[in-house]
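These notes are about the structure you will find just below.
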There are 2 protein chains.
Amino acid sequence: MTGPLVGIDLGGTSIRAAVATGASGHGATVHRDTPAADGPEAVLDACAEAAREAGGGTPLVGAAIGIPGPLDAATGVVNATPHLRGWEGVNARAMLSERLDCPVAIQNDASLAGYAEWSRGVGRGSSTFVFITVSTGIGGALVMDGALQHGATGTAGEVGHVPAATGGARCGQGHPGCLEGIASGTAMARRAQEAIRAGVATSLSSVPADAIDAVEIERAAQAGDALANEIFRDAGRALGRALGGLINLLNPEIISIGGGLINSGDLLFTPLHAGVREIAFAAPLATCRITKVELGTDAGLVGAVAWAVKEFGQV
Amino acid sequence: MTGPLVGIDLGGTSIRAAVATGASGHGATVHRDTPAADGPEAVLDACAEAAREAGGGTPLVGAAIGIPGPLDAATGVVNATPHLRGWEGVNARAMLSERLDCPVAIQNDASLAGYAEWSRGVGRGSSTFVFITVSTGIGGALVMDGALQHGATGTAGEVGHVPAATGGARCGQGHPGCLEGIASGTAMARRAQEAIRAGVATSLSSVPADAIDAVEIERAAQAGDALANEIFRDAGRALGRALGGLINLLNPEIISIGGGLINSGDLLFTPLHAGVREIAFAAPLATCRITKVELGTDAGLVGAVAWAVKEFGQV
C-alpha cells in the first residue's frame, strides 16, 4: 500500500470515516453531521472532508462509501435514498472521486455491513451467508459461494423486500404486504398508532403518537400490554417466515440478524424462530445457524474500510 | 473423452436417459417406466439399465442423475422425494455408481432443468438467472455469478417454498402460506374442490372431484367461470409477487418460467406480471427479462447430460 485507504459510512444523520490499518483494522473514527437538507453536493463535500481527515491529510489511494439506498455499484449511480432527499440519479462515485482525487467504490450501506459481518464478524469462514438488519427499515446482504452478491446491476440483497402477506400494509417503497411493511420498527410504530386511533385499549395511548417507536412498544410489551405483544409476535413471525424462505432458497450456513430491533431479545426471537420453523425444510434448517451480528453499529464503517482494501489495496 | 457420459432424468412415472454427443448435444432418448412402488433399489436398477442402453453398452466414464426431491449433492444422500416413497436417507449416488461402475453425480431435477435452461436454453450468456417450474409442485434453480447455486448442503434453489401469505393453505411439505400451497397445480385443484364442497357455484362441479386439475380449471376459466378465473388470478398474482421478491433479493438478468402451468398463457401471466410490479423495485425490474423456458419438458434430461459433461468430461 503506497498511501491511505479510507472507508466512509454515510447515514441519514451522521457521516463516519476511518483509514484502514494492518490486515483488518482501522484508525480512529472521524465524525461529521450529515447536511442532508443541503443536498448531495454538500453531503459529499462533508464526506470528502471526513475522509481526508481520516487519511491524515496524505493523498488517498482509494476510498469506499456506503450509501443508505439501492444503487448501481458498476455505474456509481444512486437509485433512491429513502432517508436522504434528492439523490436519485446522482453519480455519487464520480462526484466523490473528483473531490478526493482518487478512485472510489460505492455500495449500499447494508451490503457493506453484511460484507463486514461476513469477512470480519460472525460470518468469518462461511461461504453462504445471509445478513439482515432490522431497524426503521429492513436491509441486508447475501454472500453466496464466498462472494458478496451484487446481481445484474448491483441492487441484490434486499432481504426486507420480499412478500410476507397477500397484501395490506406497505413498506417504505409502497409495496403492499412486503416484509418491511410488517416487521420494521417504522411498520410496528404505524400499526400501534393505527390501533390507538381505532380505539384499541393499550398503555401506548399515553405516549405521544409521534414518540411511539420500537423501544416504546418493547417497553409496553415487557409490562404486559396485549397490543404491544401482538405487534412483536406478528413482526417476529413475519421475519422468521421470510428467513425460512431464504433457508429454502439459499441454504445458508449462517443467517446473522442485526439492527436496533434485536435488542428486544426473546420478544422478537421467540416468534422469529417459530416463524422459521413454519416455512423452512428440516434439512437446510438443521445446518443453518441463526445468530445475532457481532460488529453491531460499527459494521457499516468496518465494511466500508474492508471494501476499500478489497477494491484498491495491493494484494 | 474416452467413453460415454450419460444423463438420467428420474421422474415419478418415467425414466429417461441419453448419452452426451459433441459439445452440447445428446443421443436418442432411452425410456423406462419408473417401478416406483418397488422402492429405490428397483428404481435405480431401471435407471442403470436405461443408462447402459443409452451408452451403447460401452463402459461409462460418468453419469449424472436428476432426482425429484431435495438432496445433498456432496454426500449423494436424498432427503425426501414427495413423488417417490421410501427414498429418505438413501445414498442414490453410491447405489447408482455401484450399478454403473463409474462415478455418478446427483442433483435435484429442478436444479438440472434450471442448469439446462441457463447453459443451453433461454439463459445462455447470463450470469444471474432464476428458473422456476410450476406444475403439480413448484421447483426451481438459481444461477448467481455464473454458477448454479447449491448452498451449504446442496438444497438451494427451492423457489416454490417462500412465504406468499401470512398462513392458510399448506404446500406439499406442510408449510402454511407457502407459495407452492397457493400457486401449484395441486393447490389450484384443491382450492377448486374445497370451493365446490363449500357450495360455490362453478362449472367445475360437473367434473369428477379427482379429475379436477389445472387443465380443467383453465378450460373453465376460458369459458368464463368466475371461480376458475379467481383461482388463476390468485395463483398468478402470488407467483408474480414471489418473483418480485426474487428480483429485489437477487437482481437477476433473466427469470425463466417453465412447467405445465405456462400453457395457460395470459390467464397466468397477466396477474403474474401485475404481482411482480406490486413488489419489485423499479430499477432491478427494468433490467430483468421474465420469459418462458426454451427447452420445455426436455430440460431435465438436457440438464442431466450437461451436468455429466461438466462433472466428468475432459476439458
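The values are calculated or read from the model by the stated rules, or taken from the named source; none is laboratory data. These numbers were taken from a predicted model, which means no experiment stands behind them. Quick reminder, even Gly has a Cβ in these numbers, built from the backbone with ideal geometry, and neighbours come from all protein chains shown. Note: areas computed on protein heavy atoms with side chains; ligands, DNA, RNA excluded. Shrake-Rupley method; radii C 1.70, N 1.55, O 1.52, S 1.80 Å.
Towards the positive end of the charge dipole of the protein assembly as shown, with charges on Cβ (+1 Lys, Arg; -1 Asp, Glu), say which of A:I290, B:V122, B:A299 has the farthest Cα.
Farthest along the dipole direction, towards plus: A:I290.
So, with +1 on the Cβ of K and R and -1 on the Cβ of D and E, and no other charges, what is the size of the charge dipole of chain B about its Cα centre, to the nearest 20 debye?
580 debye
Tell me the net charge near B:I290. Cut-off is 15 Å between Cβ atoms, B:I290 excluded, with +1 for each Lys or Arg and -1 for each Asp or Glu.
Numbers: positive: B:R237, B:R241, B:R277, B:R289, B:K292; negative: B:E117, B:E253, B:D266, B:E278, B:E294.
Here the count lands on 0.
Pull the list of chain A cysteines that no other Cys approaches to under 4.7 Å, Cβ to Cβ.
A:C47, A:C102, A:C288
Any idea of the total accessible area buried by the A-B contact, 1.4 Å probe, rounded to 100 Å²?
When A and B are taken together, about 3600 Å² of accessible area is lost.
Express in Å², to the nearest 10, the accessible area of A:M144 obtained by rolling a 1.4 Å probe over the protein heavy atoms while all chains stay in place.
0 Å²
Would you work out the charge dipole size for the range A:204-306 about its Cα centre, treating the Cβ of every Lys and Arg as +1 and the Cβ of every Asp and Glu as -1, and quote it to the nearest 20 debye?
Taking the Cα centre of the range A:204-306 as origin, the dipole is about 400 debye.
If you take each beta carbon of peptide A:238-245 and count the beta carbons of other chains within 10 angstrom, what is the mean?
If you average over the peptide's residues, the count of other-chain Cβ atoms is 4.
Averaged across the residues of B:176-185, what count of C-beta atoms belonging to other chains lies within 10 Å of each residue's C-beta? Working shown, then result.
Details: counts 3, 7, 6, 4, 0, 0, 1, 0, 0, 0.
Whole-number average of other-chain Cβ neighbours for B:176-185 is 2.
Report for the protein assembly as shown the percent antiparallel among DSSP-assigned beta bridges with both residues inside it, nearest 5.
55 percent
Can you list, shortest first in nanometers, how far B:R277 lies from the same residue in the other copies, with each label 7 Å from Cα toward Cβ?
4.2
Spelling out what I want: for every residue of the range A:128-144, take phi, set θ = phi - 60°, compute 6.51 cos²θ - 1.76 cosθ + 1.60 (Karplus), and round to whole Hz; glycine and proline get x.
Per-residue couplings from phi come out as 10, 9, 10, 10, 9, 10, 10, 9, 5, x, 10, x, x, 7, 10, 10, 10 Hz.
Can you work out the Karplus-derived ³J(HN,Hα) for every residue in the range B:22-31? Use 6.51 cos²θ - 1.76 cosθ + 1.60 with θ = phi - 60°, whole Hz, and x for glycine or proline.
Karplus values, whole Hz, x for Gly and Pro: x, 6, 8, x, 8, x, 4, 7, 9, 10.
Counting only protein heavy atoms and a 1.4 Å probe, tell me what percentage of the range B:204-251's accessible area is made up of carbon and sulfur.
49 percent
Less than 10 Å Cβ to Cβ from B:A221, Lys/Arg counted +1 and Asp/Glu -1: what total charge do the surrounding residues give?
Neighbourhood net charge equals -2.
Closest beta-carbon to the B-to-A rotation axis: which chain B residue owns it, and what is the separation in whole Å?
Nearest to the symmetry axis by Cβ: B:M144, 3.
Using only the alpha carbons, work out the radius of gyration and Dmax of chain A in angstrom.
That works out to 19.9, 65 Å for Rg and Dmax.
Under a plain spin-label model, where a point goes 7 Å from the Cα along Cα-to-Cβ, how far apart in nm are B:A198 and B:A37?
3.6 nm
Which translational diffusion coefficient, to the nearest whole µm²/s, is obtained for the range B:146-189 from the Stokes-Einstein equation, given a Kirkwood hydrodynamic radius over C-alpha pairs, 4 °C and 1.567 mPa s?
Diffusion coefficient, whole number: 116 µm²/s.
As a test of reading the structure, rank B:D33, B:D72, B:D45 by solvent-accessible area (1.4 Å probe, protein chains only), most first.
Result of the area sort, largest leading: B:D33, B:D45, B:D72.
Ordering A:S119, A:S256 by how much accessible area each has at a 1.4 Å probe, largest first, what is the list?
Result, largest first: A:S119, A:S256.
From the square roots a ≥ b ≥ c of the eigenvalues of the alpha-carbon gyration tensor of the range B:186-315, which class results: rounded (a/c under 1.5), prolate (a/b over b/c), or oblate? Before the final figure, lay out each step's value.
Values: a/c = 2.99, a/b = 1.53, b/c = 1.96.
Here the range B:186-315 falls in the oblate category.
Sort the protein assembly as shown into rounded, prolate or oblate with this rule: let a ≥ b ≥ c be the square roots of the eigenvalues of the Cα gyration tensor; rounded if a/c is under 1.5, and if a/c is not under 1.5, prolate when a/b is larger than b/c, oblate otherwise.
Numbers: a/c = 2.10, a/b = 1.36, b/c = 1.54.
Oblate, because a/c is 1.5 or more while a/b does not exceed b/c.
What would the Debye equation give as log₁₀ I(q)/I(0) for the range A:99-258 at q = 0.12, 0.18, 0.21 Å⁻¹, counting only Cα atoms as equal point scatterers?
-0.59, -1.05, -1.26
Can you tell me the orientation of helix A:185-197 relative to chain A, as the angle in degrees between its alpha-carbon axis and the longest Cα principal axis, to the nearest 10?
In chain A, helix A:185-197 runs at an angle near 40 degrees to the longest axis.
What are the nm distances, shortest first, from B:D38 to its equivalents in the other copies, labels at 7 Å along Cα→Cβ?
Copy-to-copy label distances for B:D38: 8.1 nm.
Peptides A:82-93, A:159-170: what's the order by average Cβ count within 10 Å, highest mean first? Please report the intermediate quantities before stating the final value.
Values: A:82-93: 17.8, A:159-170: 23.3.
Taking the mean over residues of other Cβ atoms within 10 Å, the ranking is A:159-170, A:82-93.
Report the full-extension gain for the segment A:A286 to A:A209: residue separation times 0.36 nm, less the Cα-Cα distance, to one decimal in nm.
Stretched out fully, the A:A286 to A:A209 stretch lengthens by 23.5 nm.
So which residue, out of B:G157, B:G27, B:G275, gets the largest mean-square fluctuation from a GNM of chain B using Cα contacts under 10 Å as springs?
Evaluated over chain B, the most mobile residue of the options is B:G27.
Can you bin the range A:248-303 into rounded, prolate or oblate? Criterion: square roots of the alpha carbon gyration tensor eigenvalues sorted a ≥ b ≥ c, rounded for a/c under 1.5, prolate for a/b above b/c, oblate for the rest. Each step should come with its number before you reach the end.
Numbers: a/c = 3.12, a/b = 1.45, b/c = 2.15.
Cα axes put the range A:248-303 in the oblate bin.
If you take every residue apart from A:A156 with its C-beta less than 12 Å away from the C-beta of A:A156, what net charge results, scoring Lys and Arg +1 and Asp and Glu -1?
Result for the local shell: -4.
Put a label point 7 Å from Cα along the Cβ direction on A:P208, then list its distances to the equivalent points in the other copies in nm, shortest first.
Copy-to-copy label distances at A:P208, shortest first: 7.1 nm.
How crowded by other chains is B:94-105, given as the mean number of beta carbons from other chains within 10 Å of each beta carbon?
Details: counts 0, 0, 0, 0, 0, 0, 0, 0, 0, 0, 0, 0.
Mean partner shielding for this stretch: 0.
At a probe size of 1.4 Å, how large is the accessible area of B:W307, to the nearest 10 Å²?
Only protein atoms counted, so the area is about 10 Å².
For B:E158, tell me the accessible area in Å² from a 1.4 Å probe, rounded to the nearest 10.
20 Å²
Under 29 Å between alpha carbons, and skipping anything fewer than 8 positions from A:K310 in its own chain: which lysines qualify?
Straight-distance partners of A:K310: A:K292.
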